[in-house]
Amino acid sequence: MSGAPNQWVRKFTVEFPCELTGVREACRQSRAELAAAGLGEEELGHWELILAEAGNNAVNYALGWQKHRPVRFEFFVDDQGVEARVQDHGPGFELPDQVELPPPDSEDGRGLFLIKTLSDEAVYYRGKGENWLVLKKKRQATGTPPVAVTTPPPPDDAGTQKLANSEATLDLMTEELASAYESLSTIFRFSAELADQPKPEEFARKWLGEVSKIVAADWFILRLLDEGEGLKLVASSEDLSVREVLSLDNAGEADVSLEMRAASFRMDVWFDALHPVAAVDPLAKLAAQGTGFSHPIVINDRLVGVLSVGRYLSDSVFQAGQVSLIQTFADFLGIQIRNAQFQQQQLQTKLTARELQIAADIQRSLLPKQLPHVPGFQLVGHYQSARQVGGDFYDVVETAEGGLLLAIADVMGKGVPAAMFAAIFRSQLRAAAERATSPATMLTWLNRSLFADLDQVEMFITAQLVYFSPRDRTIQLSAAGHPPLILAGNDGRLQAVENSGMPLGVLADTEYSERAVSLPPGANLLMFTDGLTEARDPEGKLLWLGPLEKCLAQAAKTGQRAEQTKEALIALVEAHQQGIPPGDDQTFLLLAEYRGDSRGKPPQL
């Protein structure tokens, strides 16, 4: 270009992210700037094609971290011509002095051929971390008489034919590029529509109908991956009779199904007269006499679905440009669908978290807010869920006779179903308060009442009921598949008190028995669920019963207050787990005799 820097008519820069979707917008901005500099329509069209190919090359050749750096167009325009510089951060390549004309059905070399043909000069400079493609093209003269030139001798026949072929190929490329740009604008339009489209399947059906028109396809089938079922049909051409779901569990499916083969090997699978589909292939009715392919849609190494496109006539094959367009649309569709699925999953996760929080609040509200005061004794409880909600439960019910029914239960499983049955158990327990003086009678009634519901969902409940009479200093115990309670006196002696039958929900006609035990002086009584004894350390070792018994015996011997014993038991379990989250709910109920004053008032806690 001629002239000093201050003689440039226009200088400008267009920068865009290293993505194919950014190339289109960058070309549009560049065209607008060049038009403002006075370039004519024909020149603008040439530059748009040149920049599109140069931009696509810059994006396609970028690797790894290089894709995080932007691509830049720099322009210097004067009254003689335009110089454009395209910066990329890829590994670079060698730009040959001469670019041979590629075959009509080839994709390789077409971009470089266009760049070299439409520009007057093209030089590629490779550098460390960045490369520059420098392109120069003279401006067309406007309003000036044509310059007289000497007519060259006519070329020979071979040269004439080569020139004609070049012009025909260039015309074909220009037409295909124009079609591709039109298709790209359709992608942006549909992408904008997706924001208001609540059902991605309807969006896909509309979109693929447009694609079929552009590439002159006779039919299409889109299947998306459903983790629980397989490849599920979500969109197809009208009036197509194909199998609804292709199972991923059927290993032999890939041998007969083009779609399953494409999904399994993550590659396009073609069919035509030389490679016919199997008669048992779900696509057989469509593809038996035709041509086409199945394209796997893979986003971030994750299979999203499979798109199959075809024509009914086997001699009507898709050209390379049409195949590329189908693949681009399919992959872009996969991104949109995957994003829609991700957003739906996020919304569902938030809703589930909110529902779990509500369930946890309800479950905490079911636990006694304040335990009854019994002269001469202290009563404390503890509940720690392994999840946000769980199946453990404890309660204390006062009776008209002045006694207490102590209850602890563990519903098989965790989460919301277990919490629901824990709530039902509490409701039934309180509804039958008149049976509290006989734990065995209470358990027998609870089993018959809950059996149908538990049996239907194949769940069961372990439970332990203890009727405590402060006046007689006795307990009556009955249990349904629950661990024994631990009883310690101030002499340090321990006993595991057990009287257990079948868990609730196993046999409808189970009759439970009970056992009476007198409390020793300084009694400490611990009812617990198996989450306590089965607490694990980082190596998987269980806590078991020994440390709990030792802690309880020490508390009984020293006359320790119940609240202190509770904290000691919690600290014991946490020390064993060493920061490992509990694998099961941990619940216990502690009744402890204290050494208060003669008026029977408890010590201040």
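The values are calculated or read from the model by the stated rules, or taken from the named source; none is laboratory data. Model, not experiment: these values are computed from the prediction. Quick reminder, even Gly has a Cβ in these numbers, built from the backbone with ideal geometry, and neighbours come from all protein chains shown.
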How many residues are surrounded by fewer than 17 Cβ atoms within 10 Å (Cβ to Cβ) and outside any helix (DSSP H, G or I) when one looks only at the stretch 552-578? 2
Taking the stretch 89-134 only, how many residues are modelled with pLDDT under 90 and of a type in the set (A, V, I, L, M, F, W, C)? 9
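Every residue, every condition in (1) more than 20 Å from A479 (Cα to Cα); (2) surrounded by fewer than 18 Cβ atoms within 10 Å (Cβ to Cβ); (3) in contact (Cβ under 8 Å) with a residue 40 or more places away in the chain, yes or no:
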{"position": "K369", "(1), (2), (3)": "yes, yes, no"}
{"position": "V374", "(1), (2), (3)": "yes, no, yes"}
{"position": "D392", "(1), (2), (3)": "no, no, yes"}
{"position": "V396", "(1), (2), (3)": "no, no, yes"}
{"position": "I408", "(1), (2), (3)": "no, no, yes"}
{"position": "M412", "(1), (2), (3)": "no, no, yes"}
All conditions in (1) over 29 Å from P582 (Cβ atoms); (2) touching a strand residue (DSSP E or B) at 6+ places or on another chain (Cβ under 8 Å); (3) among the acidic types (D, E) are true of D395 except (1)
What pairs can you find where one residue is in the stretch 501-528 and in contact (Cβ under 8 Å) with a residue 40 or more places away in the chain, the other is surrounded by 21 or more Cβ atoms within 10 Å (Cβ to Cβ) and among the charged types (D, E, K, R), and their Cβ atoms are less than 7 Å apart, with a gap of 6+ or different chains? G522/E593; A523/E593
Is it true that G321 is buried (at least 17 other Cβ atoms within 10 Å of the Cβ) and part of a strand (DSSP E or B)? no
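Table: residues versus (1) in contact (Cβ under 8 Å) with a residue 60 or more places away in the chain; (2) closer than 26 Å to A340 by Cβ.
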site	(1), (2)
E238	no, yes
A263	no, yes
A278	no, no
G292	yes, no
L307	yes, yes
Would you say P503 is at pLDDT 95 or above and more than 44 Å from the chain's Cα centre (by Cα)? no
Those residues that are farther than 22 Å from R10 by Cβ and in a loop (DSSP other than H, G, I, E, B), I need them from the stretch 35-64; list them, please. Y61, A62, L63
Condition (residue is under 20 Å from K137 (Cα atoms), crowded, with 17+ Cβ neighbours inside 10 Å, of a type in the set (F, W, Y) and in the same structural domain as E130 (by TED's automatic domain parsing)) applied to the stretch 15-27: is it met by at least one residue? no
With the requirement that a residue be buried (at least 16 other Cβ atoms within 10 Å of the Cβ) and not small (G, A, S), what does the stretch 425-436 give you? F425, R426, L429, R435
Just give me the residues in the stretch 207-246 being in a loop (DSSP other than H, G, I, E, B), at pLDDT 80 or above and surrounded by 13 or more Cβ atoms within 10 Å (Cβ to Cβ), in sequence order. A217, D218, S237
Looking at K350, K369, can you tell me which residue is within 25 Å of E574 (Cα to Cα) and modelled with pLDDT under 90? K369
Going residue by residue through the stretch 329-347, is there one that turns out to be assigned by TED's automatic domain parsing to the domain that holds V211, without any contact (Cβ under 8 Å) to a residue 60 or more places away in the chain and over 34 Å from the mean Cα position of the chain (by Cα)? no
Can you tell me which condition T510 does not meet? The list is (1) at pLDDT 95 or above; (2) within 16 Å of Y467 (Cβ to Cβ); (3) not aliphatic (A, V, I, L, M), and all the others hold. (2)
Can you tell me which of E563, E593, E567 is without any contact (Cβ under 8 Å) to a residue 12 or more places away in the chain and not hydroxyl-bearing (S, T, Y)? E567
Which count do you get for residues in the stretch 534-569 that are more than 18 Å from A488 (Cβ to Cβ) and among the aliphatic types (A, V, I, L, M)? 2
When you go through V71, V82, V86 one by one, which is the residue that is of a type in the set (A, V, I, L, M, F, W, C), over 17 Å from N57 (Cβ atoms) and at pLDDT 90 or above? V82
Strands (runs of 3 or more DSSP E) fully within the stretch 445-551 counting 1 or more residues that are hydroxyl-bearing (S, T, Y) and crowded, with 20+ Cβ neighbours inside 10 Å: 461-469, 474-480
Does L51 meet the test of being assigned by TED's automatic domain parsing to the domain that holds T21 and over 17 Å from T117 (Cβ atoms)? no
